[in-house]
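The values are calculated or read from the model by the stated rules, or taken from the named source; none is laboratory data. Note that this is a predicted model, so its numbers are computed, not measured. Because the Cβ atoms are built from the backbone with ideal geometry, glycine has one as well, and the counts that use them run over all protein chains shown. Heavy atoms of the whole protein, side chains included, go into the accessibility calculation; ligands, DNA and RNA do not. Shrake-Rupley method; radii C 1.70, N 1.55, O 1.52, S 1.80 Å.
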Amino acid sequence: MWVHQIKTPITASKLLLEDPDEQVISQVRNEVLQIDNYTNLALNYLKLMNQKTDMVFMEVSIDELVRPLIKRYAIQFIHYQTKLHYDKSEALILTDAKWASIMIEQILNNALKYARGKEVWITFDETTKTLSVRDNGIGINASDLPRIFEKGFSGYNGRLSEKSSGIGLYIVSTISKRLGHKINVISTINEGSTFTIQFK
């Protein structure tokens, strides 16, 4: 499945480079980001499957986790004309910065994928230590919700995009259990989804 996924943006990039202009360059940048995402997804999956992978907890601010991801995905926000609302938070949490960042990235990536041309909100509640990533995209079928964190499950939305391996949210779920950060999702079809991560 991963090999099939990685071939799609590579093929798209080759075709786009046959007729380069400013719009094409933007599209190629987007496809290269997708290649990078799929590669990281595979590597992180392999690392997680290794039970010897250590989790190193330290204090880190929410902004230190979120800001680099916003910068990384700026290409996609611009390319798909998706509006981002981010309430900056300097609040400190105790976590493994690397794995927490991977978890947030997968959720943000999903929001971008299913809210193209719409809006994404990233907020942090200091009282409950809960990070929320909300979008007003296509939402998730109620029948799919109980299974979205299962390995290999892509559901109706995954079948629509033809780019879903069903590994991203499985990685999110696995990291959340290892770190002890509770993950939750609420969603309404055609209205959007809200993923929350509760830090200790």
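If you go through the stretch 30-64 and keep only what is open to solvent by 70 Å² or more (accessible area, probe 1.4 Å) and of a type in the set (S, T, N, Q), you end up with N50, Q51.
For (1) of a type in the set (A, V, I, L, M); (2) assigned to a helix (DSSP H, G or I); (3) assigned by the TED database to the domain that holds I122, each residue gets a yes or a no:
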{"site": "Q5", "(1), (2), (3)": "no, yes, no"}
{"site": "T11", "(1), (2), (3)": "no, yes, no"}
{"site": "K14", "(1), (2), (3)": "no, yes, no"}
{"site": "V28", "(1), (2), (3)": "yes, yes, no"}
{"site": "P68", "(1), (2), (3)": "no, yes, yes"}
{"site": "K88", "(1), (2), (3)": "no, no, yes"}
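Checked against the criterion of being in contact with a helix residue (DSSP H, G or I) (Cβ under 6 Å, 6 or more places away or on another chain), closer than 26 Å to I6 by Cα, open to solvent by 30 Å² or more (accessible area, probe 1.4 Å) and at pLDDT 90 or above, the candidates I138, I148 yield just one match: I138. In summary, I78 fulfils each of the numbered conditions (1) open to solvent by less than 90 Å² (accessible area, probe 1.4 Å); (2) touching a residue at least 40 places away in the same chain (Cβ under 8 Å); (3) not hydroxyl-bearing (S, T, Y) with the single exception of condition (1).
Just so you know, in the stretch 1-29 the residues that are loosely packed, with under 15 Cβ neighbours inside 10 Å, among the aliphatic types (A, V, I, L, M) and at pLDDT below 75 include one that is farthest from L41 (Cα to Cα), and it is L17.
Among residues of the stretch 88-100 that are in contact (Cβ under 8 Å) with a residue 60 or more places away in the chain and within 7 Å of M58 (Cα to Cα), those with a Cβ under 7 angstrom from a residue that is part of a helix (DSSP H, G or I) and of a type outside the set (D, E, K, R), sequence gap 6+ or separate chain, pair up as T95/L179; D96/L179.
The set of residues from the stretch 115-124 being open to solvent by less than 40 Å² (accessible area, probe 1.4 Å) and under 17 Å from I189 (Cα atoms) comprises A115, V120.
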